[in-house]
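Working notes, beginning with the structure itself.
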């Protein structure tokens, strides 16, 4: 089978800077019967790097995964959010002191603190989301969101009326730019397939430079950034900025005729009802299968350390429903997106990004 290599730009991008070993799909959660019923004595804890728990994005997805574990296995749970880098080690020490059996840290910035805590506490099981930490008691959880964002970029190009689509991030960091690379590559795929010339504003995958708010909670900054993209003609915008991204939705609502592609968790279910008509889809980073699997395996004694990589193939990433936009997306475009998804899963198409956890190979 021929393999079509899709870089994050027209020019090829470098091999991913994040090398994984012992990669595996998210583990399957065991039955809630048997040993897993011992979950009532099990404490699952969460330490986030910043923001709020109910951030309508990243932190909330992890928190809701712990709630799912509570419902499935009867575990107890604790959670805390760091206010600054100085809190990372302290918050982990607090969770250790609370008697946590499992600690999931949220955000690549927590890598060093997670590594140190895991080494010091070999009897506790750890996960880190969005980064790889190796250790016999660590299950890292990463997602190749470039794959799903590629589909979103193709979709955005297909529904844009202005021929301009945009994206911006909360920070120029791999877990953010991997979305933006995939989005730009999807637009380029659409242009190649259709002989079109849809432009992407807010991100240049060749230079790895673009528009950033440098903050994941400041909705005003995100609104201003989105307004800048709209002024350049963008009528579909994908903010990769967690809670701050709501500012982009506000800018789109004020502008009219601008759609939003959300990220991490289905924005249609999380944002205010006034934004629902704007939401084209969400590039989902699905936390629950991996976190449930790790906790379930730890409870029943089958835990294995390693790196759990969410992909289109294992349903760890994907697009949400089109919801109110369903009737606006032509059947032919939907079919093309499904075909592209199948080709990515088969390996016929490889979506490349230097930030992809699975590498650009």
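Coordinate-derived values only; no laboratory data. This is a predicted model, so every value here is computed, not measured. Reconstructed Cβ throughout: ideal geometry from the backbone, glycine too, with neighbour counts over all protein chains shown.
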Q) Mind checking the angle between helix 87-98 and the chain's longest principal axis? C-alpha axes, 0 to 90 degrees, to the nearest 10. A) 40
Q) For the peptides 203-214, 273-284, what is the packing order when you average, over each peptide's residues, the other Cβ atoms within 10 Å and list the highest mean first? A) 273-284, 203-214
Q.
Over the chain, with a Gaussian network built from C-alpha contacts below 10 Å, which listed residue (186, 170, 99) shows the highest mean-square fluctuation?
A. 99
**Q.** Normalised per residue, the volume of the convex hull around the Cα set of segment 99-152 (Å³)
**A.** 79
Q. Where both residues lie in segment 138-284, what percent of DSSP beta bridges are antiparallel, nearest 5?
A. 10
Q | Among beta bridges that DSSP assigns inside the chain, antiparallel share in %, nearest 5 | A | 10
Q.
Helix 111-120 against the longest principal axis of the chain: what's the angle in degrees, Cα atoms only, rounded to the nearest 10?
A. 20
Q: Convert 25 °C to kelvin, take the viscosity as 0.890 mPa s, use the Kirkwood radius over C-alpha pairs of segment 43-143 as Rh, and evaluate the Stokes-Einstein diffusion coefficient in µm²/s, rounded to a whole number.
A: 186
Q) Can you pull the percent of Cα pairs in the chain with separation above 33 Å? A) 26
Q: Would you compute, from DSSP H runs of 4+ residues alone, the mean residue ellipticity of the chain at 222 nm, taking -39500 (n - 2.57) per run and dividing by the full residue count, rounded to the nearest 500?
A: -11500 deg cm²/dmol
Q | Angle in degrees between helix 219-231 and the longest Cα principal axis of the chain, rounded to the nearest 10 | A | 20
